[in-house]
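Q: If you scroll down you'll find the structure; I have some questions about it.
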Amino acid sequence: MSLVFREALLAFRRAPLLSTLSVTTIAFSLFVVGLFGLVAVNLEQALRQVAERVEIVAYVLPGTPVETVTMAIGDISTFPEVQSATYVSEDEALTRARAELVEFRDVLRELERNPLPASIELKLKPGFRDAEHVNDVAERLKGFGFVDDVRFGRDWVEKLDRLHQIAAAVGLVVGAAFAVVAIIIIGTTIRMAVLQRAREIAIMRLVGATDGFVRSPFLVQGAIKGMLGGLVAIGLSYGAYALINRWLIQAAFFSHEQALAIVGFGTLIGLLGSATSVGRHLRRV
Amino acid sequence: MIKFTNVFKAFPKGGLALKDVSFHIAKGEFAFLTGHSGAGKSTVLRLVYAEEPITSGEVRVAGFNVQEISRRDVPKLRRRLGIVFQDFRLLEDRTAEENVAFALEVTGARRATIPARVTRVLTQVGLAVKAKAYPRELSGGEQQRVAIARALVNEPTVLLADEPTGNLDERATRGVFQLLRDINASGTAVVMATHDLDLVRQAPYRVIELQEGALVYDSAVDEPRDQAATT
């Protein structure tokens, strides 16, 4: 095994230019995938932040005793979709309106009677913030006798849903296309490395090397190149992220797991690319 | 040791490279394989080391049935053989000793034994002092000696040499040929393909001559050449 690693590392030393070229090519291919990943990550985050604002408000009929509502809130809190349920009294509603609706401050101050109803404000757990679940919860709220009306901005939630679906579909298709392009480019690069060493492979076989022996250093080398390429790609992506953050917008970077996935992806492509290239070469000779 | 029985070999694009070739080379024998370029000498050798499939007939080499050999067993066969070429086929980016050691590493020899074995064969071919030289720093004759050392290091039962002196000047040719004779004297069978008839005449070894893929003369079977020519 140590021999395999030694041979793999020797190949880097013996063909530094081609090795650097391979790593660079892999790095840039993965960088493109990474950039797209950054866009996807940020878009997803933005959508999540928007979705956090999904709120259901159930207006309570005037004159309903606070105890009744409080008890109901206890029940509502146990709905599997519900993250929080808060009671907003009539007075609180007015205070809030005064603070938020500055234009109407004078009107609101001069009111003799508070026209605002009490309400229950619901936030849903992540994963339930789509139109279907929101609708479902809203229907259940309407079942409470003291609930006058339920509002949740149906159009808005549906649009958000749609946006989510489009983002996911585009992400999948474009991401897959980028990944395929990266695989092809990386495969070609590795094929070059194999062809460059065709003579050596022929000599190895002539002196009695098994196919496995010929193959293993290439696999190790391919995996190392893929991994290095992945690491460089993460570095480049971080550079791009830093620039965007500084000059354009506040953006998010990959989590450790996502960064690791890109490096893993590179390593895997390097490994598989080498396996197919060497395999094909060995079958022909 | 090497036995060809009614061997035919077709070119991929039609035509026959070998036509009904039969011969038997015994253990420890030295045999020349002669004939013009394209007569089939290299094809015979390539069939021996299982580089190409046999079209029909039987080839047995060192206990292997070559026409039925599986891909997995080809390396095992080749470890019993030493192969030398006209163009040396050394790895340019490795020193003489690394080239020789490579043949041992490839076969999974124990690491600790490698340096001693490499030194021994390099001494045998007279190149111990140039162990650290790269092929480009060596003369043609010296490169061929490295190639021979590489072929010998696995202690083969047969050494196959395909025009080993084809790229060498006269002096280097004599040296390499003498080396092959010494190797044969120590018990290794040698099959040497050559079209250098001067060399063939120098030594009392068996001659197998091919012409357009057919075996036309075998000194072990046929009458001696000179008499055949006069009668």
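A short reminder: the numbers here are calculations on the coordinates, not readings from a lab. Nothing here was measured: the structure is a model prediction, and the numbers come from that model. Note that each Cβ is placed from the backbone with ideal geometry, even for glycine, and that neighbours are counted across all protein chains shown.
Q: Using 7 Å Cα-to-Cβ label points, what is the B:Arg71/B:Arg171 separation (nm, one decimal)?
A: 4.8
Q: Tell me, what ³J(HN,Hα) does each residue in segment A:225-235 have, in order and in whole Hz, if you take phi through Karplus 6.51 cos²θ - 1.76 cosθ + 1.60 with θ = phi - 60° and put x for Gly and Pro?
A: With the stated coefficients, segment A:225-235 comes to 4, x, 5, 4, x, x, 5, 4, 4, 5, x Hz.
Q: Taking the number of other C-beta atoms within 10 Å as the exposure measure, put B:Phe64, B:Phe11 in order starting with the fewest.
A: Numbers: B:Phe64 19, B:Phe11 12.
By the 10 Å Cβ count, ascending: B:Phe11, B:Phe64.
Q: Using 0.36 nm per residue of separation minus the Cα-Cα distance, give me the extension gain between A:Ile166 and A:Ser255 in nm, one decimal.
A: Value of the extension gain: 29.7 nm.
Q: Looking at the protein assembly as shown only, what percent of DSSP beta bridges run antiparallel? Nearest 5 please.
A: Of the beta bridges lying entirely in the protein assembly as shown, close to 65 percent run antiparallel.
Q: Could I ask something else about it? Got a sec? How would A:Phe265, A:Phe104, B:Phe32, B:Phe8 order by Cβ neighbour count within 10 Å, fewest to most?
A: A:Phe104, B:Phe8, A:Phe265, B:Phe32
Q: Still on this structure: What are the residues whose amide H is under 5 Å from the amide H of B:Leu210, where those residues sit 5 or more places off or on another chain and H is modelled from the backbone?
A: The answer is B:Thr34, B:Gly35, B:Val216.
Q: Next question. Restricting to DSSP loop positions (anything but H, G, I, E, B) with no more than 13 other Cβ atoms inside 10 Å of their own Cβ, which trypsin sites (Lys or Arg not before Pro) remain in segment B:92-176?
A: Hits after loop and neighbour filter: B:Arg110, B:Lys132.
Q: Hey, if you drop one equal point scatterer on each alpha-carbon of the protein assembly as shown and run the Debye formula without solvent, what base-10 log of I(q)/I(0) do you get at q = 0.05, 0.09 Å⁻¹?
A: -0.43, -0.78
Q: Right, next: Roughly how big is chain A's charge dipole about its Cα centre, with Cβ charges of +1 (Lys, Arg) and -1 (Asp, Glu), in debye to the nearest 20?
A: Result for chain A is approximately 2840 debye, rounded to the nearest 20.
Q: Quick query: amide H of B:Ile83 versus all other amide H atoms, modeled in the peptide plane; which residues come in under 5 Å with a sequence gap of 5 or more or a different chain?
A: HN-HN under 5 Å from B:Ile83: B:Leu160.
Q: Stretch A:Ala177-A:Thr276 to full length: gain in nm at 0.36 nm per residue minus the Cα-Cα span?
A: Values: separation 99, 0.36 × 99 = 35.64 nm, distance 2.03 nm.
Extra length available between A:Ala177 and A:Thr276 comes to 33.6 nm.
Q: Here's something else I'd like to know. Across segment B:41-49, in residue order, what do the Karplus-derived ³J(HN,Hα) couplings come to in whole Hz, using 6.51 cos²θ - 1.76 cosθ + 1.60 with θ = phi - 60° and x for Gly and Pro?
A: 4, 5, 4, 4, 5, 5, 5, 4, 9
Q: Now, a different point. For B:Thr5, B:Thr188, what's the fewest-to-most ordering of other Cβ within 10 Å of each Cβ? Let's see the in-between values first.
A: On the way: B:Thr5 14, B:Thr188 21.
Least crowded to most crowded, the residues run B:Thr5, B:Thr188.
Q: Convert each backbone phi in segment A:206-216 into a coupling constant with the Karplus relation 6.51 cos²θ - 1.76 cosθ + 1.60 (shift: θ = phi - 60°), then list the ³J(HN,Hα) values in order as whole Hz, x for Gly and Pro.
A: Each residue of segment A:206-216 in turn: 5, 8, x, 6, 6, 4, x, 5, 5, 6, 3 Hz.
Q: Rounded to the nearest 500, what is chain A's calculated 222 nm mean residue ellipticity when only DSSP H runs of at least 4 contribute -39500 (n - 2.57) each, over all residues?
A: Only helices count here, giving -24500 deg cm²/dmol.
Q: Suppose R0 equals 41 Å; then what is the FRET efficiency for A:Arg109 and A:Ser84 from their Cβ-Cβ distance, rounded to the nearest 0.05? Walk me through the intermediate numbers first.
A: Working: r = 31 Å, r/R0 = 0.75.
Computed FRET efficiency for A:Arg109 and A:Ser84: 0.85.
Q: Quickly work out the A:Glu67-to-B:Phe8 label distance, labels modelled 7 Å from Cα along the C-beta direction, and quote it in nm with one decimal.
A: It works out to 10.9 nm between the two label points.
Q: Also, quick follow-up: As an exercise, take the mean of 1/r over every pair of distinct alpha carbons in segment A:55-151, invert it, and state the Kirkwood radius in angstroms.
A: Kirkwood radius, segment A:55-151: 14.3 Å.
Q: Here is a further query. How well do other chains shield peptide B:95-103, expressed as the mean number of their Cβ atoms within 10 Å of each residue Cβ?
A: Averaged over the peptide's residues, the number is 2.
Q: With an 8 Å Cα cut-off and a minimum separation of 6 or more residues, compute the relative contact order for chain A in percent.
A: Relative contact order for chain A comes out at 31 percent.
Q: Another question, then. Obtain the nm distance between the two label points defined at B:Tyr217 and B:Ala203 by a simple spin-label model: each point lies 7 Å from its Cα along the Cα-to-C-beta direction.
A: Each label point is offset 7 Å from its Cα along the Cβ direction, giving 1.8 nm.
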